[in-house]
Amino acid sequence: MPILGYGLGSWGLGPWGSTPATVSLASVQVLDTNTVRVTLLGEARHGSGYILGDALDPRTWSLVRQDTGAAFTILAVRRVVDGVYDLRTLELLAEYRILHRVSTTALMSMSGAPLSPPTFLDFPGLAQADHHAGLHASRPGDRDLAAPPTPGLASGASTESVGGALVITSGGDYAEEEGEALLRKLILRRLTTKKGEFKHLPEYGLGLDEKEPVPLSDLALLKAEIEQQVMREPEVEDVNADLSLDTSSGVLYLSLRCTRRVTGQQFVVGTLLPSGLVAL
């Protein structure tokens, strides 16, 4: 039975009239390698991405592989229309033969009622051909404000130190970037972020920093850790890290040769870390 009024949102018990008292899961659809679309019966609360039980809060949802039980990291939730939400994952969805499960027990309706059964839905992953084609390459929204972490980053062969600023276009607006330029920035952001700085991504980051001594004996381990972190970027298919030392200046140069999953093309990410190495 509907609850009449003006809703529990900013204007009352619902958007200008009545709203169902309960909400439940209706269907789920794979959109691309990193996005699933969940459709609800009824409308859920959707006012904040930081309140557990709100549809926009990634913590409200769970997504796992049924074969291994491995959980996907849900980065963001986007409301498409009433009762339809896109869940964006960090990891790539598995192939079609692998069952996945999206679930939630915390989701609440606009009237404040708890979720009604079913509380989970099982669905196959992405078709193998589409999985390898990298459909997420054309997904809207994969762009960010341009802020190259190194001044020469756009050329792909920068030897400048880490640090950047927002870019202003000739029209006075903030410039945006996508594709390869954005991926280079995401890679350097991952490598220079300390592990644990993003609470919802406990394994994200390596913490490379300028002016930080690195023992010579740790170079092999550092190379392996860099490659492991870069491979966790969903759009990176392969990576090889090269570390070289300028003995005259004591500067450690880092060069990454990466292969982009969606195009199969190689690109280079280069930077220097004016920290020097110490012989320990």
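Coordinate-derived values only; no laboratory data. Computed from a predicted structure; not experimentally measured. Neighbour counts are summed over all protein chains in view; Cβ atoms, including those assigned to glycine, are modelled from backbone coordinates with ideal geometry.
The alpha-carbon of residue 185 sits under 13 angstrom from the alpha-carbons of these aspartates and glutamates, leaving out residues fewer than 8 places away in its chain: 142, 144, 176, 177, 233, 235. For the stretch 167-242 versus the stretch 57-96, the inter-centroid distance based on Cα atoms is 23 Å.
Database remark: amide H of residue 100 closer than 5 angstrom to the amide H of 66, 123, 125 (H placed geometrically; neighbours at sequence offset of 5 or more, or on other chains; Pro and chain starts carry no H). Ordered by the count of other Cβ atoms within 10 Å of each Cβ, fewest first, 192, 60 give 192, 60. Cross-link partners of residue 199 among aspartates and glutamates, defined as those whose alpha carbon lies under 15 angstrom from its own and excluding same-chain residues fewer than eight positions apart: 57. Residue-wise HN-Hα couplings along the stretch 112-121, as the Karplus relation 6.51 cos²θ - 1.76 cosθ + 1.60 with θ = phi - 60° gives them from phi, are x, 7, x, 4, 9, x, x, 9, 8, 9 Hz; Gly and Pro carry x.
Cβ crowding within 10 Å ranks 100, 46 as 46, 100, fewest other Cβ atoms first. Under 5 Å from the amide H of residue 26 lie the amide H atoms of 39, 40, 41, each residue being 5 or more positions distant or on a separate chain, with H modelled from the backbone and absent for Pro and chain starts.
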